[in-house]
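Visitor: Attaching a single structure in structure tokens format; questions to follow.
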Amino acid sequence: MTAGYLTTPAPVADSPPVQRTVEVVGARPVDAYVELRLAAREIAERAQPGQFVAFAVGGETSGLLLRRSIAISTVGDGVVTVVVSAAGPGSTWLTQRRPGDVVDVVGPLGRPFPAPPAGARALLVGGGYGAAALVGLAGQLKAAGHEVAAVAGAASADRLCSVQELTELADTVAVTTDDGSSGRRGLVTLAVDELLPDCGVVYACGPMRMLQAVADAATALGVPSYVAVEESMACGIGVCMTCVLPVVGSDGLTRLSRSCTEGPVFGGDRVRFDDVGTLTWDVVGADAMGVTRP
Amino acid sequence: MTLVETAVDMSTALGSVPVPSPVLTASGCSAFGRELEPFTDLAAIGAVVTKSVQLRPRSGRPTPRMAETPSGMLNSIGLQGPGIDGLLDGELPWLAERGARAFVSIAGVRVEDFAELAARLRGVPGVAGLEVNISCPNVESRGEVFACDPVAASDVVAAVRAAADPAQPIYAKLSPDVTDIVSVARAVVDAGADGLSMINTLLGLVIDPDTMKPMLGGITGGLSGPAIRPVALRCVWQVHQALPHVPILGMGGIRTGLDALQFVLAGASAVSVGTAVFNDPSALGRIHAELAAALETRGFASLREAVGYAHR
């Protein structure tokens with residue numbers, strides 16, 4: 001561990017990814033989202049919580065070339081489950097898939113959530129459809145004997161995700177919405193601040209501002225946190241270099257790190273949230289871009 | 001990926017260096033090859049054309065770096081990379097251990113940068129040749145891109161040819177953003193280029209209608225993907241017509257074997273597959289097989305017979 005940091009960079013996954021054409025075996029609208037179930041045995045067998053899959057969209061003749069990366073929610077019995085939020089034409093196409101359709105998918109991709117400290121109570125915090133990425137982790141942690149507290153938050157009740165699944169797995173679940181349409185009115189940090197003192201590790205997935213708030217709260221109390229970021233990706237496998245953000249490495253130096261292969265899980269105290277989308281002089285290689293120490 | 005054996009002889013050459021397949025990665029689209037290993041037999045493809053390397057490590061530009069466009073994408077990465085030391089210590093030995101051929105793309109902002117990089121790569125195991133990325137701003141010419149000025153482009157190529165290992169062919173990578181690509185091609189060949197890589201991306205712009213500002217952190221970006229294929233093919237056609245004996249590594253929106261075939265018929269003796277890899281990480285092996293089948297169907301016994309066929 002680098003001096004001053006509570007986390008070490010997440011280790012790489014146990015297995016390399018595969019590319020497969022797989023059948024959709026379930027498609028279920030869940031409030032504002034669509035849950036897709038894929039018969040993807042080789043991906044299911046390899047996947048670890050925190051990893052994601054990357055879909056080709058639009059069919060073979062589509063002009064949409066870039067892959068859509070989506071967190072794995074759960075795996076079991078050869079089936080991979082993801083929750084899709086229709087944002088643009090590519091993700092909308094995915095939400096329109098029906099059982100019997102086939103999709104080209106690559107996975108599992110990215111680094112999984114690292115194991116918690118021995119015996120630690122874990123706090124899982126999901127924002128919007130980001131909560132889906134924590135369901136598999138909740139199951140794994142419970143199976144390993146950890147106590148699990150979960151917080152799911154969203155702008156409104158219909159943007160909440162995976163609350164039922166988390167309720168079945170976790171010891172306690174708190175719900176917050178910005179408009180008070182479900183659970184407590186307010187941000188996830190309302191619940192996080194209350195639960196955090198009893199927890200030994202935090203795992204979070206959701207919008208960047210939420211991840212920052214959760215990571216900052218954890219770090220302030222000396223609790224290690226791991227965040228799964230959602231950055232715009234073109235390939236998902238580490239070759240396009242578009243999904244970078246500034247992250248402090250094990251050597252204490254900040255690099256623009258790929259959220260696909262060096263993430264999506266990063267130590268919450270290692271992501272320089274305030275500097276995302278900028279280039280500061282102390283990033284490795286910034287001098288060659290003409291950005292130098294003031 | 002296992003390359004399917006067909007009756008067609010798919011071997012070709014990059015300058016003087018024989019390679020078993022005419023299908024290569026494209027610079028900037030497959031990093032340094034490592035990430036493709038789960039999907040592609042790196043030793044079976046023609047070569048891994050590396051992301052452009054410069055003398056020093058570079059962070060690249062701030063995000064957003066990418067915008068999806070019709071049948072393509074705009075990117076503004078800023079040549080993020082480990083620098084020549086990182087390449088020599090890490091990526092090139094990794095490729096060499098696997099028997100993969102590296103075609104190292106080099107970039108700089110001064111003629112001397114290019115020459116120094118070429119000198120550092122002399123005799124390095126596994127380096128089959130160099131691709132000279134002259135689509136960089138020339139600091140000694142107020143940032144004008146080398147590739148857009150036949151004189152500046154020739155200066156770079158001559159310096160690289162003089163400094164490089166004689167056994168390593170050097171290919172100049174041409175920009176389509178010029179009035180007359182044939183004159184630039186002729187100039188760099190006269191300066192000693194053993195081959196031509198064409199084309200680089202086209203300069204483009206996307207404005208976000210919500211923020212009403214340019215989408216990319218770097219404002220403009222390079223357009224790639226099938227959207228540029230007809231432009232690329234036209235460039236290959238024109239240059240092969242003017243300089244029929246100069247080897248061409250063709251690229252620009254190749255997604256299938258039939259796309260690759262068009263470039264071969266126009267005069268390319270090898271092709272690079274770029275943006276398609278983002279869509280299909282197994283694209284290289286698939287395109288090799290599709291191209292071999294397409295050549296066989298058309299009665300060609302070898303790839304070499306088909307090079308420039310459309311001109312005959």
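Visitor: Of the residues that sit in region A:258-280 and are within 11 Å of another protein chain (Cβ to nearest Cβ) and surrounded by 24 or more Cβ atoms within 10 Å (Cβ to Cβ), which one is farthest from the chain's Cα centre (by Cα)?
Guide: Across region A:258-280, the extreme among qualifying residues is A:Arg258.
Visitor: Quick one: would you say A:Arg255 is of a type in the set (Lys, Arg), outside any loop (DSSP other than H, G, I, E, B), more than 27 Å from A:Val12 (Cβ to Cβ) and at pLDDT 95 or above? Full working, then the answer.
Guide: Details: of a type in the set (Lys, Arg): yes; outside any loop (DSSP other than H, G, I, E, B): yes; more than 27 Å from A:Val12 (Cβ to Cβ): no; at pLDDT 95 or above: yes.
Against the criterion (of a type in the set (Lys, Arg), outside any loop (DSSP other than H, G, I, E, B), more than 27 Å from A:Val12 (Cβ to Cβ) and at pLDDT 95 or above), A:Arg255 does not qualify.
Visitor: Then there is this: Is it the case, given these coordinates, that A:Arg41 is of a type in the set (Lys, Arg), under 16 Å from A:Gly130 (Cα atoms) and assigned by TED's automatic domain parsing to the domain that holds A:Thr95?
Guide: Here the answer is no, as A:Arg41 does not meet what is asked.
Visitor: Scan region B:55-107 for residues that are part of a helix (DSSP H, G or I) and crowded, with 20+ Cβ neighbours inside 10 Å and report the count.
Guide: Summing the residues that are part of a helix (DSSP H, G or I) and crowded, with 20+ Cβ neighbours inside 10 Å in region B:55-107 gives 5.
Visitor: In this structure, is A:Thr61 modelled with pLDDT under 95, farther than 23 Å from A:Glu165 by Cα and in the same structural domain as A:Gly50 (by TED's automatic domain parsing)? Don't jump to the end; show me each part of the working.
Guide: Values: modelled with pLDDT under 95: yes; farther than 23 Å from A:Glu165 by Cα: yes; in the same structural domain as A:Gly50 (by TED's automatic domain parsing): yes.
Yes: the conditions hold for A:Thr61.
Visitor: Got at least one residue in region B:179-187 being part of a loop (DSSP other than H, G, I, E, B) and either free of Cβ contacts under 8 Å to residues at least 12 places away in the same chain or closer than 16 Å to B:Val239 by Cβ (or both)?
Guide: There is at least one residue in region B:179-187 that is part of a loop (DSSP other than H, G, I, E, B) and either free of Cβ contacts under 8 Å to residues at least 12 places away in the same chain or closer than 16 Å to B:Val239 by Cβ (or both).
Visitor: Let me ask something additional. Mind listing just one residue for me: the one in region A:190-208 that is out of contact with any Leu (no Cβ under 6 Å at 6 or more places or on another chain) and in a loop (DSSP other than H, G, I, E, B) and, of those, surrounded by the most Cβ atoms within 10 Å (Cβ to Cβ)?
Guide: The extreme case among them is A:Gly206.
Visitor: Oh, and also: Which of the residues spanning region B:229-268 are buried (at least 23 other Cβ atoms within 10 Å of the Cβ) and small (Gly, Ala, Ser)?
Guide: Within region B:229-268, B:Ala232, B:Gly250, B:Gly252, B:Gly253, B:Ala260, B:Ala266, B:Gly267, B:Ala268 qualify.
Visitor: Kindly provide the set of residues from region A:19-61 that are at positive phi and among the charged types (D, E, K, R), ordered by number.
Guide: Answer for region A:19-61, where residues must be at positive phi and among the charged types (D, E, K, R): just A:Asp31.
Visitor: Follow-up question, since we're still on this one. Tell me, yes or no, whether region A:199-212 has at least one residue that is within 14 Å of chain B (Cβ to nearest Cβ) and at pLDDT 95 or above.
Guide: There is at least one residue in region A:199-212 that is within 14 Å of chain B (Cβ to nearest Cβ) and at pLDDT 95 or above.
Visitor: Filter region A:278-294 for residues that are touching a Ser or Thr at 6+ places or on another chain (Cβ under 8 Å) and assigned to a loop (DSSP other than H, G, I, E, B) and give the result. Don't jump to the end; show me each part of the working.
Guide: First, pick out the residues of region A:278-294 that are touching a Ser or Thr at 6+ places or on another chain (Cβ under 8 Å): A:279-286, A:288-289, A:291.
Within region A:278-294, A:Leu279, A:Thr280, A:Trp281, A:Asp282, A:Val284, A:Gly285, A:Ala286, A:Val291 meet the criteria.
Visitor: What do you reckon, is B:Leu261 aliphatic (A, V, I, L, M), more than 14 Å from every other protein chain (Cβ to nearest Cβ), in a helix (DSSP H, G or I) and under 27 Å from B:Lys51 (Cα atoms)?
Guide: So B:Leu261 fits the description; yes.
The values are calculated or read from the model by the stated rules, or taken from the named source; none is laboratory data. Since the model is a prediction, treat every value here as computed from it, not as a measurement. Note that we place each Cβ from the backbone using ideal geometry, even for glycine, and neighbour counts take in every protein chain shown.
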